[in-house]
């Protein structure tokens with residue numbers, strides 16, 4: 001009952017997710033404005049205040065010494081320092097386009113050496129640099145790891161999530177803006193997040209219809225050039241906002257995404273299966289070993305022997321009939337596969353076989 005109920009649940013999820021074959025999506029959700037992009041910042045810092053879960057590396061001691069000297073505290077000997085409460089970490093953040101001085105950013109913190117946990121730690125002031133090695137932000141704050149490690153005597157432990165990586169919400173301040181240029185004064189360029197000739201054409205048609213003819217020109221599958229009307233150039237922000245709010249039809253390839261490790265399957269809305277027949281079944285072989293004791297006859301000179309008896313059971317399923325399968329929509333494909341009463345992992349094998357047979361009109365993508 002559980003197995004069949006699970007299959008029905010999978011089929012319902014596929015039907016719910018994939019019924020629409022096309023729908024109107026805002027240009028904002030399909031494209032980025034060329035020049036209006038974020039930039040990655042990174043740095044290396046020290047997390048302090050760990051409860052004995054810090055680094056065991058000598059570099060952690062040297063990093064402490066440098067930090068103390070920066071604060072004007074002299075250390076006579078490194079032997080006075082211990083690394084169990086500190087950890088060397090890498091810090092990453094993304095600074096969005098047009099971020100001004102004083103804007104706050106979320107940062108990610110990851111242990112660089114062999115610290116057991118960053119739980120309860122605080123990141124000390126750390127400079128975040130761009131690819132040009134200029135400092136654009138400074139990070140500091142309490143690290144939130146979203147998990148825990150609990151160790152008990154006897155070697156037992158409980159672990160929840162990763163505790164050697166965490167986040168500091170709004171933990172960095174922008175110190176200087178990264179210049180961004182989004183127009184040459186006459187046009188802007190729309191960059192499709194998923195390049196597709198059909199979607200680029202639809203964007204061109206939608207812009208020419210909603211603004212004026214000749215405004216947009218698709219330069220390829222991934223780029224659409226948009227001329228800024230003369231009367232809109234005084235309000236560039238408003239014009240871009242209006243452009244991004246226009247709805248278009250998004251066209252994507254028919255795909256089936258599956259993860260063999262977890263058995264997860266997602267069927268795209270444009271997947272098609274030509275008429276065919278499918279049979280799927282398997283043979284189960286079970287091998288068990290049972291301990292047995294052999295006793296000698298009374299008054300004999302033999303001795304007791306422990307042995308194992310091996311039993312092999314072969315379970316053959318009921319004869320599997322060829323099932324007709326055809327689908328012109330994701331819902332019909334899910335319903336047809338559900339009629340086979342197979343697990344999601346078996347569905348993956350069936351999809352691969354259908355693709356090889358030439359009756360499945362979709363691209364298979366393995367995660």
- For the range 220-248, enumerate the residues that are in contact with a helix residue (DSSP H, G or I) (Cβ under 7 Å, 6 or more places away or on another chain), surrounded by fewer than 17 Cβ atoms within 10 Å (Cβ to Cβ) and without any contact (Cβ under 8 Å) to a residue 24 or more places away in the chain. 232
- Task: Check whether at least one residue in the range 271-287 is farther than 30 Å from residue 28 by Cα, out of contact with any strand residue (DSSP E or B) (no Cβ under 6 Å at 6 or more places or on another chain), surrounded by fewer than 10 Cβ atoms within 10 Å (Cβ to Cβ) and modelled with pLDDT under 65, and report yes or no.
- Result: yes
- Task: Quick one: in the range 47-60, of everything that is surrounded by fewer than 18 Cβ atoms within 10 Å (Cβ to Cβ) and in a helix (DSSP H, G or I), which residue is farthest from the chain's Cα centre (by Cα)?
- Result: 58
- Message: Any residue that is outside any loop (DSSP other than H, G, I, E, B) and at pLDDT below 80 - is there at least one of those in the range 101-114?
- Response: no
- Item | Those residues of the range 211-243 which are touching a strand residue (DSSP E or B) at 6+ places or on another chain (Cβ under 9 Å) and part of a helix (DSSP H, G or I), in sequence order | 236, 239, 240, 243
- Here are some residues: 178, 188. Which one is in contact with a strand residue (DSSP E or B) (Cβ under 6 Å, 6 or more places away or on another chain), outside any strand (DSSP E or B) and either assigned by TED's automatic domain parsing to the domain that holds residue 129 or under 28 Å from residue 103 (Cβ atoms) (or both)? 178
- Could you tell me whether the range 39-46 includes any residue that is in a loop (DSSP other than H, G, I, E, B) and either modelled with pLDDT of 90 or more or in contact with a helix residue (DSSP H, G or I) (Cβ under 9 Å, 6 or more places away or on another chain) (or both)? no
- Note on the structure: Of the residues in the range 163-214, those that are surrounded by fewer than 19 Cβ atoms within 10 Å (Cβ to Cβ) and either touching a helix residue (DSSP H, G or I) at 6+ places or on another chain (Cβ under 6 Å) or under 21 Å from residue 40 (Cβ atoms) (or both) number 15
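The values are calculated or read from the model by the stated rules, or taken from the named source; none is laboratory data. This one's a predicted model, so the numbers in the text were calculated from it and none came from an experiment. Virtual Cβ from ideal backbone geometry, glycine too; neighbours counted across all protein chains shown.
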